[in-house]
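The values are calculated or read from the model by the stated rules, or taken from the named source; none is laboratory data. As the structure is a computational prediction, the values presented were derived from the model and not from experiment. Cβ sites come from the backbone with ideal geometry, for glycine too, and all protein chains shown count toward neighbours. Please note that ligands, DNA and RNA were not included when accessible areas were found on the heavy atoms of the full protein model with its side chains. Shrake-Rupley method; radii C 1.70, N 1.55, O 1.52, S 1.80 Å.
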Amino acid sequence: TLILRTNAADWDRPDWYPEGVRSVDLSDVFARIHNKPRALYALLQCIAAQRIYNVNSRLCFETLAVYGERLALRFRLHAYYFCADHTPEGVETGYPVWYFANLIPHLHAALIDTAYLAGVLTERYALPAELAGKLRTVYTPAMTSQPEAAVVDRQIANSSPRARHRLLWAGRLDRQKRFDLVLKIAEA
């Protein structure tokens, strides 16, 4: 396993990977290259891995958009799609909008972070069975087994004896996570 960091130097969760996994930061190199997708395509050809997984690399999505058909002849291509975002004007945006319909024919599998998004993409693009069969829901992180009861159900079941309500927040503070609503709920 080799992790190529193409867009930024940071590596948020190295603890999710087993020891011995190599990670190479190429973001500074790609920042200086004019035709970045062509450069990544050439690099992928040289590395000659059996499988390529794109997890949140815009450069890799751009490369797959241009060279996906050719790369699919040689490699098993995978792309991980997280939820779409919305602009302040309400326009849907993000990788599932920009890089799904044009890539799914070339992917071995499209990894989706929720069954909901998989359903939206299947319906929106009226995917035939062959393409819909490429969608795989992978919940992140997948390091632990699924609990028997959802956290929210356990919280509701145990809330009556508490004098004060407990609020759990699981997510980034990005605009799409609607932390403004969390604050309004806490104030109420």
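List the pairs whose first member sits in segment 70-89 and is of a type in the set (Lys, Arg), whose second member is open to solvent by 60 Å² or more (accessible area, probe 1.4 Å), and whose Cβ atoms are under 8 Å apart, counting only residues at least 6 apart or on separate chains?
76/50; 76/51; 76/108
Check residue 32 against each of (1) closer than 26 Å to residue 136 by Cα; (2) basic (Lys, Arg); (3) out of contact with any helix residue (DSSP H, G or I) (no Cβ under 8 Å at 6 or more places or on another chain) and name the one condition it does not meet.
The single condition residue 32 does not satisfy is (1).
Here is a list of conditions, (1) under 22 Å from residue 25 (Cα atoms); (2) open to solvent by 40 Å² or more (accessible area, probe 1.4 Å), and residue 70 meets all of them except one; can you say which number that is?
(1)
With the requirement that a residue be open to solvent by 40 Å² or more (accessible area, probe 1.4 Å), closer than 23 Å to residue 107 by Cβ, assigned to a loop (DSSP other than H, G, I, E, B) and not hydroxyl-bearing (Ser, Thr, Tyr), what does segment 11-34 give you?
none
Would you say residue 101 is open to solvent by 30 Å² or more (accessible area, probe 1.4 Å), part of a loop (DSSP other than H, G, I, E, B), under 24 Å from residue 41 (Cα atoms) and not hydroxyl-bearing (Ser, Thr, Tyr)?
So residue 101 passes the test.
Tally the residues that are under 23 Å from residue 45 (Cβ atoms) and within 12 Å of the chain's Cα centre (by Cα), restricting the search to segment 71-98.
3
Considering segment 50-64 alone, what residues qualify as being open to solvent by less than 20 Å² (accessible area, probe 1.4 Å) and either within 15 Å of the chain's Cα centre (by Cα) or under 13 Å from residue 98 (Cβ atoms) (or both)?
Passing the criteria: 52, 54, 57, 59, 60, 61, 64.
I'd like to verify a number: residues in segment 96-130 that are closer than 21 Å to residue 70 by Cα and of a type in the set (Phe, Trp, Tyr), how many?
Of the residues in that region, 3 qualify.
For segment 73-98, which positions are in a strand (DSSP E or B), open to solvent by 50 Å² or more (accessible area, probe 1.4 Å) and among the acidic types (Asp, Glu)?
92
Since residue 118 meets every condition but one in (1) part of a helix (DSSP H, G or I); (2) over 21 Å from residue 42 (Cα atoms); (3) in contact with a helix residue (DSSP H, G or I) (Cβ under 8 Å, 6 or more places away or on another chain); (4) small (Gly, Ala, Ser), which condition does it not meet?
Answer for residue 118: the failing condition is (3).
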